[in-house]
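Structure, as structure tokens:
Coordinate-derived values only; no laboratory data. Computed from a prediction, not measured in an experiment: that's the story for all the values here.
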Amino acid sequence: MARIGIIGLGALGSAMAGRLLGARHEVVGYNRTAAKAAALEADGLTVAARPEDACDTDLVLSVLLNDAAVEDVLLAGAPFRSSAATHVSVSTIGVPLVGKLAAHHAANGQRFVSAPVFGRPEAALAGTMVVACAGSDDAVNASRAILEAFGRVEVIGTDPAAANVAKMAGNFLMASAVQSLREALALVEAGGGDRKQFADIVAAALFPTSFYERFGSMLATQGGDAPAVNPFANSARLSGQTAADLGVAAPLARTLAAALATPVS
């Protein structure tokens, strides 16, 4: 069994730690809020007092919330400075930051893989996620066995940033689906129809997937005057920004990003 470090033990990081512990790996975990790490001690997690302690491992997964957290924990603190561990970033972060991480590891002779995931924390526990990973062949090969514990691994390319672009593109599709479903429900309600009935029709006949079933049910019960919160808004904004950076027209991505206009936090 391998010795695995995890930096970031929020909902997803904790689920990934639980999956690895269940497979009898040795897991060393760090979280800025120490209580989240301590909560997993009973399951066998070794709590790391510092991020660098979690890097003294065969492979380290960083599962941090956003760009700011990655900058603060991984780059400002430089926990990999004296470590040769393979680093796998699971975070949904911008392409420029992925480039900074890749350059940092290359300068230190370390392997780096970007591997954002599709799926909720319960899917990580069940091993049914889809992992979009990218990096050099040797880095991907070094991390594949651990990543396969969480689900199906799809290798996107050798440039780590390619995996994050794929994750943003996927989240753009989900942000679009949520927004279009919200507007369709409002249209039906304004015409005198029943929101729940229409959501059931969508999930049964138009888009028979668990995504539309889950979000259709959620949005149908919110009512037309509920706050228009889109859980994929930040990724939609990143998608629009990335399209501009890459010179891709993507008018819908840019329009949706402007409509949701959620700052990166």
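Pulled fully out, how much extra length does the chain show between A186 and A145, if you take 0.36 nm times their separation in residues and subtract their Cα-Cα distance? Don't jump to the answer; show the numbers that get you there.
On the way: separation 41, 0.36 × 41 = 14.76 nm, distance 4.57 nm.
The A186-A145 span can extend by a further 10.2 nm.
Against the longest principal axis of the chain, how steep is helix 95-107, in degrees 0 to 90 to the nearest 10, with axes from Cα atoms?
So the helix axis and the longest Cα principal axis differ by about 10 degrees.
Aspartates and glutamates within cross-link reach of K36: Cα-Cα under 18 Å, excluding same-chain residues under 8 positions apart?
Correct list for K36: E26, E52, D53, E122.
List the residues whose amide H sits under 5 Å from the amide H of I6, counting only those 5 or more places along or on another chain, with H placed 1.01 Å from N in the peptide plane.
Those lying under 5 Å, H to H, from I6 are V28, G29, Y30, L61.
In Å³ and rounded to a whole number, note down the convex hull volume per residue for the Cα atoms of the chain.
Working: hull volume 35.6 nm³, N = 265.
In the chain, the Cα hull volume divided by residue count equals 134 Å³.
For the stretch 1-135, what proportion of DSSP beta bridges, expressed in % and rounded to the nearest 5, is antiparallel?
Antiparallel: roughly 20 percent of the beta bridges in the stretch 1-135.
Looking at the stretch 56-164 only, what percent of DSSP beta bridges run antiparallel? Nearest 5 please. Intermediate results must be reported in sequence, preceding the final value.
Numbers: 4 of 17 bridges.
Roughly 25 percent of the DSSP beta bridges within the stretch 56-164 come out antiparallel.
Mind checking which aspartates and glutamates have their C-alpha under 18 Å from K167, skipping anything on the same chain fewer than 8 residues away?
Excluding near neighbours in sequence, the set is D67, E148, E154, D159, D245.
For the stretch 47-146, just say rounded, prolate or oblate: build the C-alpha gyration tensor, square-root its eigenvalues into a ≥ b ≥ c, call rounded for a/c under 1.5, and beyond that prolate if a/b exceeds b/c, oblate if not.
Details: a/c = 1.38, a/b = 1.30, b/c = 1.06.
Since a/c stays below 1.5, the shape of the stretch 47-146 is classed as rounded.
What percentages make up the Cα-Cα pair-distance distribution of the stretch 134-265 when the bins are 10 Å wide from 0?
Reading upward from the zero bin: 12, 32, 30, 20, 6, 1.
Read phi for every residue in the stretch 172-187 and hand back ³J(HN,Hα) as whole Hz from Karplus 6.51 cos²θ - 1.76 cosθ + 1.60, θ = phi - 60°, with x for Gly and Pro.
Couplings: 4, 4, 6, 5, 5, 5, 5, 5, 5, 5, 4, 5, 5, 5, 5, 5 Hz.
Report, for the chain, the % of DSSP beta bridges that are antiparallel, rounded to 5. Kindly include the intermediate steps, with their values, before the conclusion.
Details: 4 of 28 bridges.
Here the share of antiparallel DSSP bridges comes out near 15 percent.
Please report the spacing between the Cα centers of the stretch 148-179 and the stretch 31-75 in Å, no decimals.
That distance is 23 Å.
For K196, give me every one of the aspartates and glutamates with a C-alpha distance below 19 angstrom, ignoring sequence neighbours fewer than eight places off in its own chain.
Leaving aside aspartates and glutamates fewer than 8 places away in the same chain, those within reach of K196 are E183, E213, D225.
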